[in-house]
Amino acid sequence: MKDFMSVVIPAYNEEQNIKRIQDELMPVMKSMPLTYEIIVVDDGSTDNTYNEALKISKTNKKVRIVRHKRNMGLAAATRTGIKSSRGNISVFLDSDFTFHPSEMPKLYKKYKETGCDCVVGSHFGPSGDPDLLFHRLVLSKGVNKLYSTFLGKKISTISSIFRLYKTAEIKKLKLNSKGFDICAEILVRMIQNKCHIEEVPVRLTTRIYGESKLNNRKEFVNHIKMLSKVASWKIKGKQ
């Protein structure tokens, strides 16, 4: 039986990037030996994100749209995507395609080779070739190093969205995060559940359209809070 992949794209005010689904994501999906669906989670966009996604869904039945009435943030959009996924595997993809869809077959190949519960696309690997501003690179590496230390598991990136999951495993998780730290919490919870996690090196590109929603100062505070939780779990033996 073929795998059924749900590709989840949380999106807020990404009208230009959503247009890229047709020409940049669809060919990749058609090249892989599986069936698929694409779920656009429109997180209360105030531009034409919903309308652009709707145009695509009208010509391609594999595209579905789930819409929040107001902007609720990445954590809420991620939980909605998890709830909406119907495939046996799910891939979460940035709406700005900074992790380009062309990297997705690498995640799927590793999943097929190992049968793991999660494949993390890491831009810090030997072939990752990160194209990051210096301050963002230092922040990312620093935060991820702290997570790995607290978790007792070597993972080079714990905060990026670009991952493949066994859908059944992520649907089990009780997630509490409210911001960008949702991606870190998912991995923490999976490690707690003794899930098999793999990493593959992928390339991180730069945004072409629109502006990043990431607030480095705010997310640094969120990560510090999450690190405190991780440390507490470890002390209490809840790994």
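Throughout, read-outs are computed from the coordinates displayed, never taken from laboratory work. Worth saying up front: this structure is predicted, and the values here are computed from it rather than measured. Neighbour counts run over all protein chains shown; Cβ positions are idealised from the backbone, glycine included.
Could you order the peptides 7-15, 72-80 from most to least packed, using the average number of other C-beta atoms within 10 Å per residue?
The densest-packed peptide leads the list: 7-15, 72-80.
Read phi for every residue in region 71-88 and hand back ³J(HN,Hα) as whole Hz from Karplus 6.51 cos²θ - 1.76 cosθ + 1.60, θ = phi - 60°, with x for Gly and Pro.
Result, ordered by residue: 5, 10, x, 4, 4, 5, 5, 5, 5, 5, x, 4, 4, 7, 5, 10, x, 7 Hz.
May I ask you to list the aspartates and glutamates whose Cα is less than 15 Å away from that of Lys171, ignoring any residue fewer than eight positions away on the same chain?
Asp117, Glu185
Across region 24-33, in residue order, what do the Karplus-derived ³J(HN,Hα) couplings come to in whole Hz, using 6.51 cos²θ - 1.76 cosθ + 1.60 with θ = phi - 60° and x for Gly and Pro?
10, 8, 4, x, 5, 4, 5, 7, 9, x
Order the peptides 114-121, 53-60, 160-167 from the highest to the lowest mean number of other Cβ atoms within 10 Å of their residues.
160-167, 114-121, 53-60
With viscosity set to 1.002 mPa s at 20 °C, what whole-number translational diffusion coefficient in µm²/s follows for region 1-51 from Stokes-Einstein and a Kirkwood radius over Cα pairs?
Answer from the Stokes-Einstein relation: 181 µm²/s.
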